[in-house]
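The values are calculated or read from the model by the stated rules, or taken from the named source; none is laboratory data. A quick note: this is a predicted structure, and the numbers were derived from the prediction, not measured. No Cβ is skipped: glycine too gets one built from the backbone with ideal geometry, and neighbour counts run over all protein chains shown.
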Amino acid sequence: MHTPSLGHASRSRRASLLTTTALTVGALLVAGCSSGGSGGPGDADADPNAKITLTVGDFGTFGYKEAGLFDSYTAAHPNITIKEDTTTTEADYWTALQTHLSGGGLDDVQALEVGRISLATSDALSDSFADLGKVPGVRASDYLPWKWQQATTASGRTIGLGTDVGPMAVCYRQDLFQQAGLPSTPDAVSALWAGDWSKYVQMGEEYQAKAPKGTYFMDSATGLFNAVVSSDTQQYYKGGKLDYQDSPGVKSAWSLAMRADAAGTSEGLKEFDTPWQTAFSQSTFATTICPSWQQANIEKYAGPSNAGKWNIAQAPAAGNWGGSFLAVPSSGRHVAAAEALVAWLTAPAQEAKVFEKVGNIPSNLGAYALPGAADFKNPYIGPDAATGQIFSAAAKAIRPAETGPYAGVLQDDFSNGVLLVEQNHKSAADAWTATIRQIDSSIQ
């Protein structure tokens, strides 16, 4: 999701956790639902001037249309027409891909959510996508190293180029901080919890002791859980195997989420549900974990009356929550043309334009040096909020973590486990047991 002021668009795929339905290998191999998709392998048009249509299958708001990039590309390539086949949410996108398996082939360009990328890079699936690392002008060194690696197979084939990433910050209500007697400038707030998520939880306890009536320090302990996991190098996988029970990242995240709930510092809301949305306008919480796309939610739900009351601080540790890739199915009719389009869309100038328009933080390192990216400031948050600087610094500081095909399922189940405590009032021990039981059943 992104702020309306940045493009009046909602990246709904960021607002929802990945579905718990594991995709089958066969589904992804033929996953394509565009009626205008390609029908056969290779480049059907040997004539470079032949008129062709490239279909781009994606979800939410990738920002290309909003930033005028499709128009710019077709103006420079008059023989090419681009058709964007967009689904609002990532979950619906994948559902549609599975239910339309008999309706045609893959799009010429296919978007891949980060939670799905390990499926696409598996030995069984990777040959279904072209090796974009061999496309003229594409260099691994141009992209965030960890982002490039996510889409690279064990054999060294890179099957997707990064579009955006979801570096995290903490968005906070500076007026509520002031009322609770806490520092309120971005630098001072960042210093309160620098380097340690437990300091963030501790600040919650200090806030709650002097909190304005009817307010909580944070919106949701599930957001805290996901933030802590996302900033750890050991998450749900280790050595190619599931490791969700013994993972240091998971253990730390669960412990801190339980501590926040026990201290009464979390409002216990389920992220993205209606009560959570309403709480923004009612000003009932002082902080929310803030991946770059969260700015959209703040402006949309907090509304004009709360403009200038929010601000943004660095997260205790750099982490990533969200992000996608563009891939080119190797069976497409226009593989070379699609590869050229993907390379162009993920180049610095284009990713910077998308960031300025809809707020997607670039994957291409060169974009950060361009005007309007690193120096961007969100007008809704305020003139002293170094939005671009904070998010670009966080993106560069993210440490890679091993992932796998069930990462989205695990994130979903653990988030629901935290809600068992926050909303169903189970004990932390009982909720952990129930969560592990649910995970064991859902991934068997």
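Residue check: TRP293 meets all listed conditions (1) crowded, with 17+ Cβ neighbours inside 10 Å; (2) at pLDDT 95 or above but one, namely (2).
The residues of segment 47-65 that are under 25 Å from ILE361 (Cβ atoms) and in a loop (DSSP other than H, G, I, E, B), listed by number, are GLY60, THR61, PHE62, GLY63, TYR64, LYS65. Within segment 245-261, the residues that satisfy the criterion of being farther than 14 Å from SER198 by Cβ and surrounded by fewer than 18 Cβ atoms within 10 Å (Cβ to Cβ) are GLN245, ASP246. Checked against (1) touching a Gly at 6+ places or on another chain (Cβ under 9 Å); (2) in a helix (DSSP H, G or I); (3) under 22 Å from VAL170 (Cα atoms); (4) at pLDDT below 95, TYR380 passes all but condition (2). Here the condition is being in the same structural domain as TYR236 (by TED's automatic domain parsing) and surrounded by fewer than 18 Cβ atoms within 10 Å (Cβ to Cβ); of ALA401, ALA394, ALA434, it holds for ALA434 alone.
For segment 43-61, taking the residues that are under 19 Å from the mean Cα position of the chain (by Cα) and modelled with pLDDT of 90 or more, the one that is farthest from ASP107 (Cα to Cα) is identified as ASP58.
When only residues in segment 388-438 that are polar (S, T, N, Q) and in a helix (DSSP H, G or I) count, which is nearest to ARG116 (Cα to Cα)? Taking the candidates together, the pick is GLN411.
Count of segment 128-167 residues, restricted to those that are at pLDDT below 95 and in a strand (DSSP E or B), is 5. Residues that are surrounded by 20 or more Cβ atoms within 10 Å (Cβ to Cβ) and under 17 Å from ALA67 (Cα atoms) within segment 327-355 comprise LEU341, VAL342, LEU345, THR346, GLN350, GLU351, ALA352, LYS353, VAL354, PHE355, listed in sequence order. The set of residues in segment 211-240 that are over 20 Å from GLY268 (Cβ atoms) and surrounded by fewer than 19 Cβ atoms within 10 Å (Cβ to Cβ) comprises THR233, GLN234, LYS238, GLY239, GLY240. Considering segment 258-276, and only residues there that are at pLDDT below 95 and more than 14 Å from GLY417 (Cα to Cα), the residue that is farthest from the chain's Cα centre (by Cα) turns out to be THR274.
Being loosely packed, with under 14 Cβ neighbours inside 10 Å, closer than 30 Å to LYS270 by Cα and modelled with pLDDT of 55 or more is a property that holds for THR99.
Apart from one condition, TYR368 fits all of (1) closer than 22 Å to PHE62 by Cβ; (2) at pLDDT 95 or above; the exception is (2).
Contact annotation: residue pairs with Cβ atoms under 7 Å, 6 or more positions apart or on different chains, pairing a residue in segment 81-97 that is under 17 Å from VAL409 (Cβ atoms) and in a helix (DSSP H, G or I) with a partner that is at pLDDT below 70 and of a type in the set (D, E, K, R), are GLU90/ARG13. Run down GLU339, GLU356 and say which single residue is assigned by TED's automatic domain parsing to the domain that holds ALA75, touching a residue at least 40 places away in the same chain (Cβ under 8 Å), acidic (Asp, Glu) and more than 21 Å from GLY60 (Cβ to Cβ). Result: GLU339 is the single residue among GLU339, GLU356 that is assigned by TED's automatic domain parsing to the domain that holds ALA75, touching a residue at least 40 places away in the same chain (Cβ under 8 Å), acidic (Asp, Glu) and more than 21 Å from GLY60 (Cβ to Cβ).
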